[in-house]
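The values are calculated or read from the model by the stated rules, or taken from the named source; none is laboratory data. Not measured: the values here are computed from a predicted model. Cβ: placed from backbone, ideal geometry, glycine included. Neighbour counts: every protein chain shown.
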Amino acid sequence: MSWRRSWVVMRHELRALADDPGSLVFLLIMPLLMMGLMKPLFSLSLQADGYPGANGAEQAVPGMAAMFVTFTGSFAGFTFFREHGWNTWDRLRASQAKTLDIMLGKIVPTLLIAVAQLAALFCFGIVLFDLLVAGSLIGLGMIGVAFALSMLSFGMAITSLSRTSLQLNTFVNLFGIVFAGVGGALVPLVVLPDWVQGAARFVPTYWAMDGFLDVILDGAGAREVMASASALLLFSAVFTVIAAIKFRFEETKVYVA
Amino acid sequence: MSRPVLEIHDLRKSYHAVVALDGVTFTARSGEVVGLLGPNGAGKTTTVSIVCGLRRADAGSVKVMGIDALARSEEVRRHLGFAPQDLAIYPIDTVRQNLTFFAELIGLRGALLTRELEEVASALRLTDLMDRKAAELSGGQKRRLHTAIALLDRPPLILLDEATTGADVETRKALIEVVRRLADEGSAVVYSTHYLQEVEALDARVVILDQGRVLADGALRDLVSRSGNAFVELVFEGTPPGIPGRWHVTVDGTRVRVAVDHPEKAVGALLETLGPHKRRLQSVALVSPSLETVFMSLTGRRYRSEGRADVLAS
C-alpha cells in the first residue's frame, strides 16, 4: 500500500464533506437540541438512581452523542455508493491506488469525523449543559474512539450487505435507533424492562454508555473502562470481518440520490 | 516493427450462461491506434475491463508491457490510462481538482503535476475551464475532462471505451485528433467504439468483435480491400422481386442488396433485369467498400450507427 495515495483519497473525501457540510451540521445540532430537551427528564431518573447531585446532562450528553455517532458511522459506506453514482468507482479501481489505499482513504476521514463529533458534543455538553466529568478524560477518550471505530465498522458491514444507498440509510437509521434504545442511550437502562436490560449487552451502544457513565458519574479512570473499551473493539472486529467477507469490489452498487 | 504494449491471447469470459468473450486475441503496439469495433454486446467493454483489472477472465492471457495483467493487475495499472464508457468525473470538483486528484494518484506532484495538467488541459481545450465545477460544464466539456484524466502522464497504453458517446461533433473531432497525436507520440491506444466512421477517421488498425469473437483484425485499408464488398441497394414499394442472373443477393424487408465489384458499372445492367418491377423502385444506392460492408460480409448483418447489428434475411 501507499500512504501517499491513501492521503490523496483521504483529502478528496474530506474536501467532498466540506463541500456539503449540511449533514455534519445536522449531526451536531440535532443531538444538542435533544440534550436540551432530555436533560430535565434524566435529572429526575439519575437522582432516583442514587446520584443526588446529577443535573441530567450526565445521561443526556453521552446518550445523544452515542446515538448520533451511529449515523455518522455510515458516512464511509455512503462514499462508496456515491462513487458508483458518479461512475467513478471503476475509474478509481483502475487507477494506481491499491485496494487498501482506497479503503483507508475513505474510512479514516469518517473515523476522524466521528471522534471529532463526539469530542465536540462533549465539549458543548460541558459548556451548555453543565456536564461534570468526575473521572478521567483519557478514559472518556478511550471509550469515544473505540465506540467510533465500532460504529464505523458497523457502517461498513451494512454497506457490504446493501445493494443500494437507500438500504444503507434505512438499516443504519433503524439499527442506530435500536442500538440507542436497547443500549441505554435514548433512556437510562434502569427504566427499561428486564429482558431489554439482558439483551443490551449484545449491542455496542450499551458498552459505550457503560464506559461513559462510569467515567462521568462514578469517576472511573482509563483502567476501569478497559473492559467496556475491549468489548467495543470486539464488536469492531466482528463488524470488520463481516465487511471484509461480504464487500465485493467488483459489485455494482446503486446510488439513490 | 514497434514493441507490443498489449497482448491479448484467447481471452474468455462468461457471465453465467452468457458467453461475453469467446477466445479474443489481438495485440496493440507502441504508436498504434487499435479500433475495437463491434455492436453493443460484442464484448468490447468486457475486454477493456479485464485489461484494467476490473473484471476477472475465465481463461486466456493478457500482457501489458510484458507483465501478466491477470496476475499482477495492480502493477499493470502503472502503465495504462483508462476512460470508462460512462462519464466518470467528480461533479462537485472543479476541472483542476478532478485532474489533480487522478494525477496525484499516479504519483505526480509539484512542478511536474502543474506542467502535466497544463499540457493535458491544453490538448483537450480545457485550459479556460480549469476552475469551473465539473457539474457546470456542457456535455462535450465533461466528455473532454473524462478523457483527459486517462491521458495524464502519457501512459504507454491508453484504453478509451466509447470515448465519444454522447459527444458533440466538435468534441468528437477534438478527441480523434488527440488520439492520433498520442499514437504519434508512442502510446498504444485501444479505442473501443461502435461508430464505424470514427475508426475510418482514425485510420486505425481494426479489430472487429462480434458476439465475443474477433471476426477480423487488420489495417483498415487491407480489411476493406479484402472483405469490404461493394453493393447496390435497391428499395422497393412492397415485396421485392426476384433478381434474375448470377448476382449475390440479400433481402432485408423491402431492401435488396446486390453484391458487385463496381457498383457504378453494374447498376445499369441490374436495373435492366428488373423489367416491369422497375416502376416499384423507390431508391437506388451505390455503396462503396467500407467498414460497414466489411461487417456485412463477415456477419451477414447490417451495422447500424447506433451500435446495433440487424440481421438480414437472405
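Matching residues to (1) out of contact with any Phe, Trp or Tyr (no Cβ under 7 Å at 6 or more places or on another chain); (2) modelled with pLDDT of 95 or more; (3) among the acidic types (Asp, Glu):
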{"site": "A:52", "(1), (2), (3)": "yes, no, no"}
{"site": "A:60", "(1), (2), (3)": "no, yes, no"}
{"site": "A:71", "(1), (2), (3)": "yes, no, no"}
{"site": "A:75", "(1), (2), (3)": "yes, no, no"}
{"site": "A:100", "(1), (2), (3)": "yes, no, no"}
{"site": "A:103", "(1), (2), (3)": "yes, no, no"}
{"site": "A:116", "(1), (2), (3)": "yes, yes, no"}
{"site": "A:119", "(1), (2), (3)": "yes, yes, no"}
{"site": "A:124", "(1), (2), (3)": "yes, yes, no"}
Subset of the stretch A:86-139 (residues that are outside any helix (DSSP H, G or I), in contact with a Leu (Cβ under 7 Å, 6 or more places away or on another chain) and in contact (Cβ under 8 Å) with a residue 12 or more places away in the chain): A:96, A:97, A:133, A:134
Any residue at all in the stretch B:155-164 that is within 14 Å of chain A (Cβ to nearest Cβ) and part of a helix (DSSP H, G or I)? no
Among the residues of the stretch B:88-112, which ones are in a helix (DSSP H, G or I), within 11 Å of chain A (Cβ to nearest Cβ) and not acidic (Asp, Glu)? B:97, B:98, B:100, B:101, B:102, B:103, B:105, B:106
Within the stretch A:179-198, which residues are part of a helix (DSSP H, G or I), without any contact (Cβ under 8 Å) to a residue 24 or more places away in the chain and surrounded by fewer than 18 Cβ atoms within 10 Å (Cβ to Cβ)? A:181, A:194, A:195, A:196, A:197, A:198
Confirm whether residue B:217 is outside any strand (DSSP E or B), acidic (Asp, Glu), at pLDDT 90 or above and surrounded by fewer than 22 Cβ atoms within 10 Å (Cβ to Cβ). no
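Okay, residues lined up against (1) touching a strand residue (DSSP E or B) at 6+ places or on another chain (Cβ under 9 Å); (2) within 14 Å of chain B (Cβ to nearest Cβ); (3) crowded, with 18+ Cβ neighbours inside 10 Å; (4) not aromatic (Phe, Trp, Tyr):
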| residue | (1), (2), (3), (4) |
| --- | --- |
| A:2 | no, yes, no, yes |
| A:5 | no, yes, yes, yes |
| A:13 | no, yes, yes, yes |
| A:22 | no, yes, no, yes |
| A:27 | no, no, yes, yes |
| A:52 | no, no, no, yes |
| A:56 | no, no, yes, yes |
| A:73 | no, no, yes, yes |
Going through the stretch B:35-65 one residue at a time, which ones are more than 14 Å from chain A (Cβ to nearest Cβ) and modelled with pLDDT under 95? B:35, B:36, B:37, B:38, B:39, B:40, B:41, B:42, B:43, B:44
Answer residue from the stretch B:97-139, given it is modelled with pLDDT under 95 and of a type in the set (Lys, Arg) and is surrounded by the fewest Cβ atoms within 10 Å (Cβ to Cβ) among those: B:109
List the number of the failed condition for residue B:85; all other conditions in (1) closer than 26 Å to residue A:20 by Cβ; (2) surrounded by fewer than 19 Cβ atoms within 10 Å (Cβ to Cβ); (3) among the polar types (S, T, N, Q); (4) within 14 Å of chain A (Cβ to nearest Cβ) hold. (1)
Residue list for the stretch B:119-154, restricted to those being within 20 Å of the chain's Cα centre (by Cα) and outside any helix (DSSP H, G or I): B:124
Can you list the strands (runs of 3 or more DSSP E) lying wholly within the stretch B:16-84 that have 1 or more residues being touching a residue at least 12 places away in the same chain (Cβ under 8 Å) and under 22 Å from residue B:292 (Cα atoms)? B:18-29, B:33-37
